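Notes for the one structure printed next.
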Amino acid sequence: MYISETHLRVRYGETDQMGYVYYGNYASYFEVARVESLRQLGMTYKELEEMGVMMPVLENKSKYLSPALYDDNLKIVTTIREKPGVRIRFEYEIYNEAGKKLHQGETLLVFVNKTTGRPCKPPKAFDKVLEPFFQ
C-alpha cells in the first residue's frame, strides 16, 4: 500500500456563496493530490506521458462529510491500496488543520497507450517505483 500527503490552501474563487468549497472543485483537488502523489513516488505524470501512456479517469466518487472553507489549509491523504494492473485506483481523505475529516473520495483511472488509444499495462519503470509498497 502506498500513502502520500499533499497540502492545499482553499482559494476564494473555489468557494460558493455560502463560503464553502464548491462541490465541483473536489475533483480538481483529487487531481492535484494524485499528481503530487506520483511525484513523491519518484515518477511524474509528465514522465508517464513521455513513456507513451495516458491515464484518463473512468470513475470519480465523492462523499461530502463537512464543508471546507475559504483559506483552510487542507491535507489530502492519497492511498493506492492495490498494485495497479491496467487500472489504478486512488483513494482520498481530506482533512482541515484541526484534523477533522471533511471529505473522502476515489478515482479509478486506466492506463492507455497514447499511440493506439487502447488500455495497456503501466510502464515497467512505474511498476518498479511502486514495487516496494506491494511486497
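We did not get these values from a lab; they are worked out from the coordinates using the rules stated. If you're wondering where the values come from, they're calculated on a predicted model, not measured in any experiment. Methodologically, a virtual Cβ is constructed for each residue, glycine included, from the backbone with ideal geometry; neighbour enumeration extends over all protein chains shown.
Multiply the residue gap between Val129 and Tyr23 by 0.36 nm, knock off their C-alpha separation, and tell me the result in nm, one decimal place.
Numbers: separation 106, 0.36 × 106 = 38.16 nm, distance 3.31 nm.
Extending this stretch completely gives an extra 34.9 nm.
Compute the acute angle (0 to 90°) between the alpha-carbon long axis of helix 25-41 and the principal axis of greatest extent of the alpha-carbon atoms of the chain; round to the nearest 10°.
Its long axis makes an angle of about 50 degrees.
Only helical DSSP H runs with n ≥ 4 go in: add -39500 (n - 2.57) per run for the chain, normalise by residue count and round the 222 nm mean residue ellipticity to 500 deg cm²/dmol. Could the numbers behind the result be given before it?
Values: 3 runs with 30 residues, N = 135.
Taken over the chain, the calculation gives -6500 deg cm²/dmol.
Could you give the size of the charge dipole of the chain about its Cα centre, using +1 on the Cβ of each K and R and -1 on the Cβ of each D and E, expressed in debye and rounded to the nearest 20?
Numbers: 19 positive and 18 negative charges, 92 e Å.
Its charge dipole is roughly 440 debye.
Please list, by residue number, everything in region 1-37 whose backbone N is under 18 Å from a paramagnetic label point 7 Å out along Cα→Cβ of Lys83.
1-3
Rounded to the nearest 20 debye, what is the charge dipole size of region 59-128 about its Cα centre when +1 sits on each Lys and Arg Cβ and -1 on each Asp and Glu Cβ? Working shown, then result.
On the way: 14 positive and 9 negative charges, 111 e Å.
In total the dipole reaches around 540 debye.
Among all lysine pairs in the chain that are eight or more places apart or on different chains, how many have alpha carbons less than 27 angstrom apart?
The result is 27.
Pick the calculated Cα extents along the principal axes in Å for this structure from (i) 49, 33, 24; (ii) 54, 31, 24; (iii) 45, 31, 21?
Only one listed value fits the structure, namely (iii).
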